[in-house]
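**Q** First the structure, then my questions, so here it is.
The values are calculated or read from the model by the stated rules, or taken from the named source; none is laboratory data. These numbers were taken from a predicted model, which means no experiment stands behind them. Heads up, the Cβs are rebuilt from the backbone with ideal geometry, glycines too, and the neighbour counts pull from every protein chain shown. Calculation scope for accessible area: heavy atoms of the full protein, side chains included, ligands and nucleic acids excluded. Shrake-Rupley method; radii C 1.70, N 1.55, O 1.52, S 1.80 Å.
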Amino acid sequence: MEKLDLARHYKSYYTAKGKPELAYIEKAQYLSIQGKGDPSGEEFMQKIQLIYPVAYALKFEFKAQGKDFVVAKLEGLWWYDENRFRNATIDNAPQTVPRSEWEYRLLIRIPEFIGKEDVESAVAQTVAGKGLTKAREVTFFEIAEGKVVQMLHTGPFDSEPETLAKLNDFITANAFGRNGLHHEIYLSDFRKTPPEKLKTILREPVK
């Protein structure tokens, strides 16, 4: 039985260069869980510990059906209340908006043969089998980002503003307008990888 690896199947989705570039992102579907607050805090880690059991419940269910797949990389959409923080920009928001005010939606991309009902079933299975009642927060989610400006960031998250400044300069120079939420794809497992070796795709939807 061949195992579907989304990182290989959608190679362009999981690839970015070390300089700003335009890309087109197709419609995709995910497991999703929302939260708010400091990503270095306990609640953020708890959200991760809720979404992964659902992902593996789906994996094992479909493996039994002959449709095995690799659980994809963790991703995140990030935003803040722009009415409250009107002076924040793409590159300075990480420094000017308090971490307690950061809002996020964690994502794990799932194969196209998985539907909303399958996700709901996996959530119910996770709640019943593992006693994780908060896994009910995990939902099916779709997004079609379309045109984006993106760049590969190498290094700790604290140095992301340097990369974001390059993205912002590229967006400004080309007179693009914002068209969605800041998107990060964590190519490295930040729970195990040294900060200086982290690789993260930073993506900004534009129009």
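**Q** In a Debye calculation with equal point scatterers on the alpha-carbon sites of region 92-188 and no solvent, what is log10 I(q)/I(0) at q = 0.12, 0.22, 0.25 Å⁻¹?
**A** Taken in order of the listed q values, log10 I(q)/I(0) reads -0.60, -1.23, -1.39.
**Q** Also: In whole percent, and with a 1.4 Å probe on the protein chains, what portion of the accessible area of the chain is carbon and sulfur?
**A** 49 percent
**Q** With only alpha-carbon pairs counted, each pair once and no self-pairs, how large is the Kirkwood hydrodynamic radius of region 1-153 in angstroms?
**A** Final number for the Kirkwood radius of region 1-153 is 17.0 Å.
**Q** Mind giving me the FRET efficiency for E101 and R136? R0 is 30 Å, r the Cβ-Cβ distance, nearest 0.05 is fine.
**A** That gives a FRET efficiency of 0.75.
**Q** Which of the peptides 117-128, 36-47 is most tightly packed, and how do the rest follow, going by the mean number of other Cβ atoms within 10 Å of each residue?
**A** Ranked from most to least packed, the peptides come out as 117-128, 36-47.
**Q** Against the longest principal axis of the chain, how steep is helix 116-130, in degrees 0 to 90 to the nearest 10, with axes from Cα atoms?
**A** Helix 116-130 sits at roughly 70 degrees to that axis.
**Q** Could you check the spin-label model distance between E2 and D118? Points 7 Å from the Cα along Cα→Cβ, value in nm.
**A** 1.7 nm
**Q** So, one more: From the cross-link list K116/K197; K17/K47; K73/K147; K130/K197; K59/K166; K63/K207, which pairs have alpha carbons spaced over 31 Å apart?
**A** K116/K197; K130/K197; K59/K166; K63/K207
**Q** Rounded to the nearest 10 degrees, what's the angle between the helix 42-64 long axis and the longest principal axis of the chain, both from Cα atoms, 0 to 90?
**A** 50 degrees
**Q** Give the Cα extents of region 56-103 along the principal axes, in whole Å, largest first.
**A** 52, 16, 14
**Q** Which value, in Å², gives the accessible area per residue of region 143-203 when a 1.4 Å probe is used on the protein heavy atoms?
**A** 47 Å²
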